[in-house]
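The values are calculated or read from the model by the stated rules, or taken from the named source; none is laboratory data. Since the model is a prediction, treat every value here as computed from it, not as a measurement. For neighbour counting, all protein chains shown are included, and Cβ atoms are generated from backbone atoms with ideal geometry for every residue, glycine included. Keep in mind that these areas ignore ligands, DNA and RNA; they rest on the heavy atoms of the full protein, side chains included. Shrake-Rupley method; radii C 1.70, N 1.55, O 1.52, S 1.80 Å.
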Amino acid sequence: MVEKARKEKDARDANPEDPLLWPFAAARLAMDSCFWWLERGPVEQDDRCLAWTTPNDVALELATMRLRDCSKDKSGPPALVCAPYALHRALIADFAPGHSVVQSLQAGGIDRVYLTDWRSATPDMRYLSIDSYLGDLNVAIDEIGAPVDLVGLCQGGWLSLLYAARFPAKVRRLVLVGAPVDLSIESSLCRLTRNAPDMVYDQLVARGGGNVSGGEMLRLWSKAPNRDDIVAALQRDLSDEEGAALLARFDRWNAETLDLPGKYYLEIVNRIFRENRIAGGSFVALGRPIDLTDVKVPVFLLAGLDDEVVPAAQALATAGLLGTPPAFIAAASEPSNHLGLFMGARTHAHAWPRIAAWLRDDLSGVLARRA
């Protein structure tokens with residue numbers, strides 16, 4: 001009998017399509033993909049955390065973030081990099097020389113650069129919502145001085161887009177990089193997130209005491225990147241001494257996780273991924289329904305051709321939802337996976353200089369040039 005049970009278990013393990021097991025397989029895969037996608041914001045910094053690549057000062061301390069000022073000087077329009085608030089720190093935007101969004105923008109002539117350094121959730125943050133993060137983003141932009149150029153990475157992309165629709169006068173230009181917005185464009189992540197039972201997400205929050213534990217997610221669910229994954233993310237050979245140092249730094253970055261407020265996390269799962277409210281026009285932000293046609297500022301969309309988290313078709317489909325005239329929408333795709341859009345050496349050599357030039361460009365002549 002024991003032997004029979006063991007053989008049945010082995011058969012089920014070898015056949016993930018077994019209809020009796022799909023809810024559990026979907027739940028686990030949803031967690032795996034979701035938390036690989038939810039590349040997280042920042043942890044409280046101490047001596048154990050990796051240092052920033054770019055010198056910076058803390059311009060503002062808020063409940064949800066530290067606003068980091070990475071500016072070289074105070075000339076020109078300010079750019080605020082809205083990092084993803086997910087499994088990892090905001091260092092994803094300032095990983096290493098040649099692999100840093102902040103440094104690429106500076107090298108491209110953007111002197112005033114700021115970064116949202118999201119805090120890891122503490123017990124008293126468990127009831128913070130998406131509105132809480134939009135509200136603090138608004139305070140940060142008022143501190144910098146509107147209008148700003150918002151550069152949203154992954155989850156920071158849909159947050160930036162919500163902000164631009166809610167406060168259109170405070171955004172000069174908008175850059176969305178690997179940003180999931182219209183979740184009707186199919187991906188494996190969307191399917192798995194929708195198929196996982198509600199109890200999976202509720203129990204995850206309950207186990208964290210009202211928050212989602214980044215450490216638990218990394219231990220139990222997150223896909224551990226192998227060397228090939230890291231090479232694809234950093235887009236360079238890791239066999240030399242510099243590569244070995246980058247590999248060690250990546251491993252440390254991957255281990256520095258953040259916790260998410262439970263309410264915020266469940267809103268993302270339900271309102272954004274499962275109900276597609278942003279693209280569907282039914283999302284309410286800070287008391288007002290969001291209409292993406294209210295976004296009329298110039299927009300730059302960057303997608304990864306090898307991005308399995310936010311497929312290029314999904315990342316670029318945002319263009320059709322906005323009120324921005326087509327002549328003022330720029331789009332580019334790179335042979336990159338998801339992390340490579342933010343960390344990849346090739347992407348930083350090609351796409352990010354183009355984004356910086358676009359931010360500096362006088363777009364008043366665009367219509368005349370394309371006529």
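Express in Å², to the nearest 10, the accessible area of Leu339 obtained by rolling a 1.4 Å probe over the protein heavy atoms while all chains stay in place.
For Leu339, solvent-accessible area is about 10 Å².
Give me the percent relative contact order of the range 209-322, please, defined on Cα pairs under 8 angstrom at least 6 residues apart.
Values: 73 pairs, mean separation 24.6, N = 114.
This gives 22 percent for the range 209-322.
Keeping all protein chains in position, work out how much accessible area Leu189 exposes to a 1.4 Å probe, and write it in Å² to the nearest 10.
Counting only protein heavy atoms, Leu189 exposes about 10 Å² to solvent.
Residues of the range 316-347 with backbone nitrogen within less than 11 Å of a virtual label 7 Å along the Cα-to-Cβ line of Ala107, please, listed as ranges.
Inside the label zone: 345-347.
How much length, in nm to one decimal, is gained on full extension between Lys296 and Arg227, taken as 0.36 nm per residue of separation minus their Cα-Cα distance?
20.6 nm
At a threshold of 8 angstrom on Cα-Cα distance, excluding pairs fewer than six apart, so keeping six or more, what relative contact order does the range 124-240 reach in percent?
Values: 79 pairs, mean separation 22.7, N = 117.
19 percent.
For the range 229-345, what ratio Rg/Rh do Cα atoms give with a Kirkwood hydrodynamic radius? Let's see the in-between values first.
Details: Rg = 18.0 Å, Rh = 16.9 Å.
The Rg/Rh ratio comes out at 1.06.
Taking the dipole about the Cα centre of the range 95-237, with the C-beta of Lys and Arg at +1 and of Asp and Glu at -1, give me whichever of Tyr133, Ala196, Gly208 is farthest to the positive side.
Positive-most Cα among the choices belongs to Ala196.
Along the Cα-to-Cβ line of Arg360, 7 Å from the Cα, sits a label point; which residues in the range 81-112 have backbone N less than 13 Å from it?
Residues 104-112 fall inside that zone.
Could you order the peptides 55-63, 176-184 from most to least packed, using the average number of other C-beta atoms within 10 Å per residue? Present the calculation step by step, with values, prior to reporting the outcome.
Numbers: 55-63: 13.9, 176-184: 25.0.
In descending order of packing, they fall as 176-184, 55-63.
So, with +1 on the Cβ of K and R and -1 on the Cβ of D and E, and no other charges, what is the size of the charge dipole of the range 49-120 about its Cα centre, to the nearest 20 debye?
Values: 7 positive and 7 negative charges, 19 e Å.
Rounded to the nearest 20 debye, it is 100 debye.
How would Glu241, Glu267 line up by accessible area, probe 1.4 Å, largest first? Before the final figure, lay out each step's value.
Details: Glu241 165, Glu267 20 Å².
The ordering from most to least exposed comes out as Glu241, Glu267.
With a ≥ b ≥ c the root eigenvalues of the C-alpha gyration tensor of the range 76-151, is it rounded (a/c under 1.5), prolate (a/b larger than b/c) or oblate?
Working: a/c = 3.41, a/b = 1.40, b/c = 2.45.
Here the range 76-151 falls in the oblate category.
Could you rank the peptides 291-301, 326-336 by their average count of other C-beta atoms within 10 Å per residue, with the highest value first? Display every interim value, and only then the final one.
Numbers: 291-301: 18.5, 326-336: 16.9.
Peptide ranking by packing, descending: 291-301, 326-336.
Can you check what the net charge comes to around Asp73, using other residues whose Cβ is under 10 Å from the Cβ of Asp73 (Lys, Arg +1; Asp, Glu -1)?
Details: positive: Lys72, Lys74, Arg112; negative: Asp111.
Local charge sum for Asp73: +2.
Compute the distance from the alpha-carbon center of the range 285-331 to that of the range 332-353, in whole Å.
18 Å
By how many nm would the segment from Cys49 to Ser184 lengthen if fully extended, with 0.36 nm per residue of separation less the alpha-carbon distance? Walk me through the intermediate numbers first.
Numbers: separation 135, 0.36 × 135 = 48.60 nm, distance 3.78 nm.
Gain on stretching Cys49 to Ser184: 44.8 nm.
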